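Contents: one structure, followed by commentary.
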Amino acid sequence: MANVALLQPIKVSKVTIKPSTPTPDHLRTYNLSLLEHINFHAYSQNVFFFTKTKTAAPNSSSSDDDGSGCHRKPLTTTNTIIDDLKDSLSEVLSWYRPLAGRLLMEKKTSVTCNDEGVEFLEARIACSLPDVLRRPDLDSMSPFFLLDSEDFDPKSMLAIQATLFDCGGIAIGVLFCNKIGDARSVATFMNHWASITQLDPIPAMSVLSRSPPQFIGESTIPLTNKVMVPIPQSVPKVTYTTRRFVFEQAKIDALRAAEALQAEEEEEDLIAAFIFKCIWASFRSSGYSRKRCGVNYNIDLRTSTRPSLADNSIGNFGLPNIFPVRDDEMDLKSILGKFKACKEETDEKFATRNSEDEWSVNVYKGMMKLVKKFLFRPAEVFSIWRWSKLPFYEVDFGWGKPVWVASVPCKDNVHLLHKTNSTGRGGGGGTEAFISLDPKLMTFLEQNDQLLAFAFLNPSVM
């Protein structure tokens, strides 16, 4: 494969995309929820890779109608594709106004929806898409996030980079501030943006009025004077490396059988527990044996509250659940039992709400419990993010669905995504695990025989 890290993309243009309509005065301030406030000020990094986009003749047409008199656009030239992305981004931002705003940095409790806009960078890279996908290197994704290395405004909520390949393929890199949304928010936004891009003309109303984004974090888990939380800091800069492991469906079934697990155990929980077990073994082998170890099992509150929140709720609803583990608790059934206990406890806490701030108080009490448990006895905590059921692979700008979606976690984080196109030796569907660790610890994990018996290390996506 071409060494993408050594390729210098050519920056074609950088523009600021603003909402297509001004934000009304009564919507100019968006208050963050308690969960959003306590989150580190950081950006998720995801890249959506699409194959050849220039396949239709300029005079081709389509009769596909979305029901509102709008038609799917024919694929045309590269310039038209970039223009369409900019136009549709402007349209979708009129429905996602906080994303075009700026974080108020003093207390970081609100976003001013001032229509300053989203940075959109167009770049070209001198290689073909297969050069990247034959053996993708997650430590070499920087060409798809040039904005992150430039004079990037830390108050921004969102930034986009469209990178064009020699073969006609395209990669869309997305920097999304976790102060304003979690992974489901990213997936919802990308699907809305893509749906609008497909249509000619581009009317956001025809798509988003059916299932508009709901910015309800502040009304669901508000900041309240009953809790006192510190102003969160940015994520400290540390050295880490990221690797991709692919669990083919046949291997997942084999792992379930080998551990004699019941069919009702969720697949992503099984994979998450198995990965942590292997990280734990590597943790002990790598010389960290004196340090405590824990798991942060994040739960999406959209499914725990009663009534449950809509899938198109935008915000950060990931509730941390951290628990320490001991050597005698490292079998899969014990870890899965802890996962189940976290779910049951969370469901019970958020089953009812007798006052407006009850859920906020529950979050705060849980946070203080974690602080007391870990503050005076530091531990290495590994976070599990289960994104397998999120519609990342449904994003379709009119060029077909992505051939691959790459995620670059922060250190000591694991992202699980359902994969549809990448294959190991045997082919078939399954799950990709993107794992970021200290380089020394990753060296041990890459050589873990138990992990390699059930997962392929970075097979070709093509």
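Figures for the structure shown
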| item | result |
| --- | --- |
| Subset of segment 310-324 (residues that are in contact with a Leu (Cβ under 7 Å, 6 or more places away or on another chain) and aliphatic (A, V, I, L, M)) | Leu319, Ile322 |
| Residue list for segment 300-315, filter: out of contact with any strand residue (DSSP E or B) (no Cβ under 7 Å at 6 or more places or on another chain) and open to solvent by 10 Å² or more (accessible area, probe 1.4 Å) | Thr303, Arg306, Pro307, Ser308, Leu309, Asp311 |
| Pairs with Cβ under 7 Å, 6+ apart, first in segment 97-109 and touching a residue at least 12 places away in the same chain (Cβ under 8 Å), second of a type in the set (A, V, I, L, M) and open to solvent by 10 Å² or more (accessible area, probe 1.4 Å) | Arg97/Leu27; Lys107/Ile231; Lys108/Ile231; Thr109/Leu223 |
| Failed item, numbered, when Ser142 is tested on (1) over 23 Å from Ile38 (Cα atoms); (2) touching a strand residue (DSSP E or B) at 6+ places or on another chain (Cβ under 8 Å) | (2) |
| Failed condition for Phe48, given (1) closer than 25 Å to Val408 by Cα; (2) at pLDDT below 80 | (2) |
| All helices (runs of 4 or more DSSP H) inside segment 198-270 with 3 or more residues being modelled with pLDDT of 90 or more and surrounded by 14 or more Cβ atoms within 10 Å (Cβ to Cβ) | 249-258 |
| Test: residue in segment 323-332 that is touching a strand residue (DSSP E or B) at 6+ places or on another chain (Cβ under 9 Å), part of a strand (DSSP E or B) and crowded, with 16+ Cβ neighbours inside 10 Å | yes |
| Residues of segment 160-180 classified as open to solvent by less than 10 Å² (accessible area, probe 1.4 Å), at negative phi and part of a loop (DSSP other than H, G, I, E, B), total | 3 |
| Residue check, Leu133 among the aliphatic types (A, V, I, L, M), within 20 Å of the chain's Cα centre (by Cα), closer than 16 Å to Val408 by Cβ and open to solvent by 10 Å² or more (accessible area, probe 1.4 Å) | no |
| Candidate set: segment 386-411, residues that are under 16 Å from Lys52 (Cα atoms) and not hydrophobic (A, V, I, L, M, F, W, C); chosen: the one surrounded by the most Cβ atoms within 10 Å (Cβ to Cβ) | Pro402 |
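The values are calculated or read from the model by the stated rules, or taken from the named source; none is laboratory data. Being a predicted model, the structure only gives us computed values, none of them experimental. Note: ideal-geometry Cβ built from the backbone for every residue, glycine included; neighbour counts use all protein chains shown. Note: areas computed on protein heavy atoms with side chains; ligands, DNA, RNA excluded. Shrake-Rupley method; radii C 1.70, N 1.55, O 1.52, S 1.80 Å.
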